[in-house]
Structures are given as C-alpha cells and as structure tokens.
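**Q** Sharing a structure below in structure tokens format, with a few things to ask.
No value in this document is a laboratory result; all are computed from the given coordinates. Since the structure is predicted, the reported quantities are computational estimates derived from the model, not experimental observations. Positions of Cβ are generated from backbone atoms using ideal geometry, with glycine treated the same way; all protein chains shown enter the neighbour counts.
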Amino acid sequence: MQLENKDMKSGNEPKSTKNVPVRIILVFLLITIVTAVLLEFGIPDSRLWKTGKIIEVQPSEASEINYYKFAIYPPFKPSDKHLHHVIEILGQMGYKQTSLNNENWNLLWAHEYPFLKMGTRIRNILPRQIVNHFPGIGFITSKVDLSTAAFPFMPKAFRLPEQQAEFLKFAIDNPDSIFVEKNNKHRSIKILPLNSINLNATDCFLQEYVQNPFLVDGHKFDVGVYVVLTSIEPLTVYMYGGDILFRYCPEKYYPFDAENINKYVIGNDYLPTWEVPSLIKYFERFGGSMRSSFDAYVRDQFLDPSVIWVQVEEIIRQTILSKKNNILKAMQPFKNGKYFELLRFDLIVDDKLQVYLMEVNMSPNLSSAHFKPNALLYQQVLYNVLNLVGVGSPLRIDKRFFDYEKITSDKSIAVNLNDCAKYACHKSCNKSECDLCLSCLKASEVSILKTAHYEHLHKMEMKRIFPKAMVSPDYFNLQVEIQNLSTRDGWLTRWFYKKCKDERSWC
C-alpha cells in the first residue's frame, strides 16, 4: 500500500500498466513499416489480399517496374543542347534512356529523318514501339517541294533550272515583283536583282517576296505554330494553342535596304517578344503569352487578330491534306509500330492581315540555350505532345496491371444510338446508317475511334484542327465539310460530329 501510494505521488504508473501500450505501439509501428516497404516495391494491395501470401518482386523487376525506355537517333552526346528539354521531360514522365542498339525501347526520338539510314531496323519495329516521325514527312517539310506546290497562300516560287522559262515570263508580267533566292537545304536567303540571279543554279529556288509585311514597332516578324500529326489514315491533326513562337527582325524594316538582311530575314539572333517596346507591357507587366501580347497589339491598331488565326488553321489543314497520299505511299513498307510528327509551320502576315506560309520544319528547334525564356514554351509543347500521343501519362501507375478500358472502352465510342436501333444494325450492317454503330465496326475501326477518344481526353492545350473543330453542330455543314474528303476521313469527321451532338465538349 505504501509502495502504491509512493508511485501515485511521484506520478509514475506501475510497470505492469506501462508496458502494455508500449508493446502495442511497437507492433503497430512494425506493421506500418512492413506495409510501407511492400508498397514501395510496387506490389498492389489487391494482390496481397487475394493471394493470402506476399508475392516477391525480384530486385531487377522492382527497379524497372515504373520505367519505360526511349532511344535517340542519331546518338546524343551529353555536350549537345538541342535535345535537353526532350530528355528532361521524358525523364520527368518516368522514362529512362537506353541505347539505340537495345531493341526494348518504347519511344524512338529521332532528331534526323531515320527511315533511310536505319534500314531494316526501323522497318521491323514492334507494334508497341512509337517513333516521332512519319515515313514520307519530307513531302511537307522539303522547302523546294513545298514552295513550288502552287498553294494560294504561298508566294509564287520557281524551281531552278527546270522552271527557268516560267520564272522569266512571270518576272516580265509582274515588273514590280522582287524575288528572294533560297537554298534548297539551308537558311541562306537574300533578295537579288533580276540580273544577278543565276538561272542555271541547281541548289536553290526563287520565290516572290512579300513587300508589305505587317510591322510591330517597325519590325517584321514571323509566326511559328506547333502542329502535331497523330495519324495519316484517317488524318488527325492538332495545333498547340498554349502559345505561338514570335520572332522579330533585329532591325526596323524601313528605310528598306535589300543588302541588310537583318531588316527582313529572321536569323538566330532575332528580337524576342520581351524586347519589343509595345509588347513589353503585355508580356511582362500583365503576364501575357507571345500570342496574346501580339493579339493585344493588333487590337490596339483597331484590327481583329482572329482573322489571322482562322487563316492559319486553314493553311495547316490544306497543306497536310495535299500531301497525305504521298505520305501514305511512303508508309507502305513500314507495317509495324506507331508514328507521330511534331512540326512547326512558319508564316508571315502582311499589312492587310493576309497570312502566307513560308516553310514547315521537321524536328523544330526546342533548345532554349540561346533564349532562356523560351524554355517554358518548349517544355509545355513537349508535355502536351507526349501526353496526346500516349507516351506520357499523368497516371503514376504500374502499367503492367492497368486496364486501359478504364480510360477508353467500347461504350466511350458508341454514337448514333437512335439510328442504330431504328435500322436494326445489330442484325445487319448493310445500310449506310450503320457504319458508325458499335456492332458494325471492324476491329481496326474500333482501334481508330478508341485512339481518337484517348487523344481527346489527353489533348490538354492541343486544339484539333482536323477533323475540323466545330463551334456547334447546329452551324456545322457536315455534307460540305466531307464532300471532298477520303472515305475514311469523312467517316471520322462524322463520328466527331455525332460525339459533338451528344456532348458539346467534343465539338
């Protein structure tokens, strides 16, 4: 009794009552630590509960469980800077770089066109592997082929020496025109007087010069729009809407001097948006993007910038559609694998807000080594592109145990239910009204629509421009839009139209 009273007075509990909670706490902590270790090694809890025993994960398996692999062509040196942001974003998405000779890569990022030099290796890739170029994309990105394609939105161009006579006739008929000489492969551009042009040259072409450019604070500029192709048949094209690359000539356009190319040619040392006086307040003070800062300036001139962007989208659509069949032929030897293409369309605007296409760049510059503030634009472009095509994913999961039906299922692509029931398409698919009904779709068509659905969910700031986006199904003339399209392109356009009618976010 005295001992008990002594313990009570000293504030200490008897040993028997003290040890019980300590043991319970230790057991609880041990269970917590073991559970944390198991989760760290990526063992889903459902596997533990269902098996009744712990499934061991081998160390090599655990280290690779959350990593996909990418290879680079041509081989990348640590000192190279042009792919810094590509490697950076892929690493943040859980990818690890592997050797090009290691055939277990998931993504091949080729800075150069890989389909000629890589030979059979690129022809025999696996269905799960994806390459960042389409075979035949040169039909769009070749400067001379594109410029001499006679598009209404491109200045007139002539291939030398084949079109020498045609050029001379045009020059005589248009005495006020002046011309730039452009190298077929390089960026060498210069205005030349007619008597200084070598009409027998084989490595260049001539293009009519747009003499009345729209100016910002007296500076000529070009516009770089990032575009992504995810499919050729059917054609699917997106434009990055987060921002546009604007590059301004370092010297003011007037007084004009053809000998001073800094007045009219965009070089490596261009004037960036944040150094153009009238744009600084919009870009820095009010946090605008390059595009929104430019649009604000255009509105300051009592003009409507939307006129420009409507033309830009149509130019992109028409350019790619015109070369689609050429690309399809080039793709025939490449049966396996998946492909996508990131392009940059370079355009100029005249003082009447008419837009002209100048060139399309394969593997556009994504290095911010020269202009550090461009890093965010390049990172955002890459993040959007890689998520769109399924390379990146916001889902931090062990993909071996993930069922993609959770993202895109058969029910996700079902449309036109009333007509499907009305024409009993579950019994017969012979009627034209049944070609979008789920019960009548071929496996390849299901795959196309599931890809379209997946891309829609993951497009982020990518805007679909083909099939053409719709403001509203009530104001979209479907028959007019599809009348000149291929059967498959028209079919996919109709599917988007049906999805748009069901849910306006699909428009």
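**Q** Can you give the local net charge around residue 196? Use residues other than it whose beta-carbon is closer than 11 angstrom to its beta-carbon, Lys and Arg +1, Asp and Glu -1.
**A** 0
**Q** I want the local charge near residue 133. Using Cβ-Cβ distances under 11 Å, sum +1 for each Lys or Arg and -1 for each Asp or Glu among the other residues.
**A** Working: positive: none; negative: 112, 341.
Around residue 133, the charge tally is -2.
**Q** What is region 246-380 by shape, rounded, prolate or oblate, if you read a ≥ b ≥ c off the alpha carbon gyration tensor as root eigenvalues and call it rounded for a/c under 1.5, prolate for a/b larger than b/c, and oblate otherwise?
**A** Because a/c hits 1.5 or more and a/b exceeds b/c, region 246-380 counts as prolate.
**Q** Now for a different question. Taking a ≥ b ≥ c as the square roots of the eigenvalues of the Cα gyration tensor of region 406-506, is the shape rounded (a/c under 1.5), prolate (a/b larger than b/c) or oblate?
**A** Verdict is oblate for region 406-506.
**Q** Of the trypsin sites (Lys or Arg not before Pro) in region 294-394, which ones lie in a loop per DSSP and count no more than 12 other C-beta atoms within 10 Å? Kindly include the intermediate steps, with their values, before the conclusion.
**A** Working: sites: 299, 317, 323, 324, 329, 335, 338, 344, 352; in loops: 335, 352.
Hits after loop and neighbour filter: 335, 352.
**Q** Rounded if a/c is under 1.5, else prolate if a/b beats b/c, else oblate: with a ≥ b ≥ c from the C-alpha gyration tensor eigenvalues square-rooted, which is region 77-149?
**A** Because a/c hits 1.5 or more and a/b fails to exceed b/c, region 77-149 counts as oblate.
**Q** Now for a separate question. Can you check what the net charge comes to around residue 422, using other residues whose Cβ is under 11 Å from the Cβ of residue 422 (Lys, Arg +1; Asp, Glu -1)?
**A** Charge balance near residue 422 sits at -1.
**Q** So who's got an amide H within less than 5 Å of the one on residue 339, skipping anything under 5 residues away but keeping other chains? H placed 1.01 Å off N, in plane.
**A** Result for residue 339 returns 131.
**Q** Determine which aspartates and glutamates satisfy two conditions relative to residue 422: a Cα distance under 17 Å, and not lying fewer than 8 residues away in the same chain.
**A** 433, 435
**Q** Let me ask you something else. Distance from the Cα centre of region 139-161 to that of region 401-463, in angstrom?
**A** Distance between centres, Cα-based: 39 Å.
**Q** May I ask which residue of 205, 184, 158 lies farthest towards the positive end of the charge dipole of region 156-208, with charges of +1 (Lys, Arg) and -1 (Asp, Glu) on Cβ and the Cα centre as origin?
**A** Result: 184.
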